[in-house]
Amino acid sequence: MKAITQSAYGTTDALSYAEVPTPVPGKGEVLVRVQAAGVDPSVWHIMTGLPLVARPALGLRAPRIKIRGWDVAGVVESVGPGVTRFQPGDEVFGTVPGSFAEFACGAEKNLHVKPKNIDFATAAAIPTSGMTAVAGLRDSGQIRAGQRVLIIGAGGGVGHLAVQLAKHYGTEVTGVCSTGKVDFVKWLGADHVIDYTRETLTGPYDLILDMAGNRTLPDLRRLLTPSGTLVLGGGENGGRWMAGTDRSLRAVLLNPFVRHRLRALLSLADPEILTALAELAAAGTVLPRLDRTFALPDAAAAIDYLAESHPAGKVVLTVA
């Protein structure tokens, strides 16, 4: 089968479109014929091996997993021993290691039946970004109906799903984005939209989900109510050692000494959240918007586009 492989850390120049053996599902695993694969910032982090503090988990000298990609949507090709929820021919979506390929193999628990009302590309855009948005608002943020919620980075991959989720949870939502995404964030259902290039943020807010990472902790805390919650997601500051993690670490260390609830957003594959997202997608309540799709051989261009162009919504690879 064809796949996007990587044998050493680096830029997208380190990626290859190569022929590799088709995986065989083991116990509790499902082999998926990939139709589409979502592209999210975690792909860039694994490709570059940054932050360096994550190397013990990613692989010290090179990526442990040689095929890139996590989010997947496709058709079950075969199942391993012990699999009871799926059979060949089922349409599924979820997370598997190495989804940038014609076939990918992963745990049964991390897959769900694809909602019939969405296509494969839309389904592939949901898992990682959707689970991050739910984890940030519901789990870390403990969101409640009637709250005033600020979502920074509201037009991005996680942010645009978070806007829809926050409205679903019954809150008053303010989205922060650039000029080019203002109409998009309004279309998502935000009650208020702030163009950060032209307007100054003022509070107070009960809950802030920051997926942009460009504001300091003191600046964000000034926007909170006295007992408000700040959930920190994105951000690439901190250099090679702590890229994207230094501000979150400082928030966790400060949290015991302040009235505000300061939370670092950690999102892992969660079958319960994936099920909830499938139900919301089936109802048309929370659906990703595709900014652009690329063919599998163009995965390097897709990753560069994600990193450099700040897309409105999600980027997805399609597999013929």
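The values are calculated or read from the model by the stated rules, or taken from the named source; none is laboratory data. Keep in mind that this is a model prediction, so the values were computed, not measured. Cβ: placed from backbone, ideal geometry, glycine included. Neighbour counts: every protein chain shown. With ligands, DNA and RNA removed, areas are computed over all heavy atoms of the protein, side chains included. Shrake-Rupley method; radii C 1.70, N 1.55, O 1.52, S 1.80 Å.
For the reader, a short list of remarks on this structure follows.
- In region 109-134, the residues that are over 12 Å from ALA282 (Cβ atoms) and of a type in the set (D, E, K, R): LYS109, ASP119
- Failed condition for ALA212, given (1) over 24 Å from TRP44 (Cβ atoms); (2) at pLDDT below 95; (3) hydrophobic (A, V, I, L, M, F, W, C): (1)
- Within region 83-101, tally of residues that are of a type in the set (Ser, Thr, Tyr) and more than 25 Å from TYR17 (Cα to Cα): 1
- Hits in region 26-39 - residues which are open to solvent by 20 Å² or more (accessible area, probe 1.4 Å) and of a type outside the set (Lys, Arg): GLY26, GLY28, GLU29, GLN35
- Count of region 246-263 residues which are outside any helix (DSSP H, G or I) and open to solvent by less than 30 Å² (accessible area, probe 1.4 Å): 2
- Which listed residue is open to solvent by 40 Å² or more (accessible area, probe 1.4 Å), in contact with a strand residue (DSSP E or B) (Cβ under 7 Å, 6 or more places away or on another chain) and touching a residue at least 12 places away in the same chain (Cβ under 8 Å), from THR11, THR5, THR22: THR22
- The helices (runs of 4 or more DSSP H) found entirely in region 137-221 that carry 3 or more residues being open to solvent by 30 Å² or more (accessible area, probe 1.4 Å) are 182-188, 217-221.
- Residues considered: LEU296, LEU266. Of these, the only one that is out of contact with any Cys (no Cβ under 8 Å at 6 or more places or on another chain) and at pLDDT below 95 is LEU266.
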